[in-house]
Amino acid sequence: MVQKLITRYCQLLSVLIVICLVAMVLMVFGNVVMRYAFNSGIAVSEELSRWLFLWLIFLGASIAVHEQGHMGSDMVMEKLSPKWQKMGAVVAQFLMLWVTWLLFTGSLAQTKINWDVMAPVTEYSMAWVYSTGVVFSVSTGLMLLSDLWYTLRGEMTPTQIRKAHHAAEQEQFEINARVAEERLNKSSATH
């Protein structure tokens, strides 16, 4: 149930990312056209496009955490026994939760400090800039807690199951490609 909610939330984030990207492209392109064609520009486009870029990055990072698409190295973990692999995963998840907590407290403090500070061009609150970290850390914290729950229960997360299934399909595809290539080589050698 929780994983379905997280998946739906990530789909919503994907839609928001697309909206941010489209708005950025339209603003920047519109500004370029205005400068060249009419010798004027849209003053707010630069500031808003920077803000949208920040939101795009943090929302995308939340999706990457859910999909476990962040960088990692399994060299050490693969050498360990299953018991120690589980312990290593739990330690790693607690460390990620700790860093997420640090990001949350820092971003929340900056959001509060900058609540009444206005941006120079748009005159919107600068809290919008710093709230990206708050949204990211809350989203990521819930995702990491869900993953930790699965790990402590000794189960794979749905994302890990999907990735393992994809890896098995990829391996089977490569085996089939090699067999087909060998057959082709044998048939061309006989002719």
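No value in this document is a laboratory result; all are computed from the given coordinates. Just so it is clear, the structure is predicted and the values come from calculations on it, not from any experiment. Cβ placement follows ideal geometry from the backbone for every residue including glycine, while neighbour counts extend to all protein chains displayed.
Only Cα pairs under 8 Å and at least 6 apart count here; give the relative contact order of the stretch 1-109 as a rounded whole percent.
Details: 48 pairs, mean separation 28.0, N = 109.
Worked out over the stretch 1-109, it gives 26 percent.
Tell me, what is the percent relative contact order of the chain, built from C-alpha pairs under 8 Å that lie six or more residues apart?
21 percent
How large is the translational diffusion coefficient of the stretch 1-63 in µm² per second when you combine the Kirkwood radius over alpha carbon pairs with Stokes-Einstein at 25 °C and 0.890 mPa s?
190 µm²/s
Using only the Cα atoms of the chain, construct the convex hull and provide its projected area averaged over every direction, in square nanometres to one decimal.
18.5 nm²
Report the net charge of residues surrounding LYS86, where surrounding means a beta-carbon distance below 12 angstrom and charges are Lys +1, Arg +1, Asp -1, Glu -1.
+1
Extending each Cα 7 Å along its Cβ direction at ASP74 and SER40, get the distance between those two points in nm, one decimal.
Each label point lies 7 Å from its Cα, and together they span 5.8 nm.
Subtracting the Cα-Cα distance from 0.36 nm times the residue separation, let me have the gained length for GLN11 to GLU155 in nm, one decimal.
Working: separation 144, 0.36 × 144 = 51.84 nm, distance 2.39 nm.
Length gained between GLN11 and GLU155: 49.5 nm.
If packing is taken as the average count of other Cβ atoms within 10 Å, what order do 103-113, 89-99, 31-41, 125-135 fall into, highest mean first? It would help to have the intermediate numbers written out before the result.
Working: 103-113: 15.6, 89-99: 14.0, 31-41: 11.4, 125-135: 18.6.
Result, highest mean first: 125-135, 103-113, 89-99, 31-41.
If exposed means no more than 16 neighbouring beta carbons inside 10 Å and the site is in a DSSP loop, what's the longest run of the chain without any exposed GluC sites (Glu not before Pro)?
Longest gap between qualifying sites, sites excluded: 1-66.
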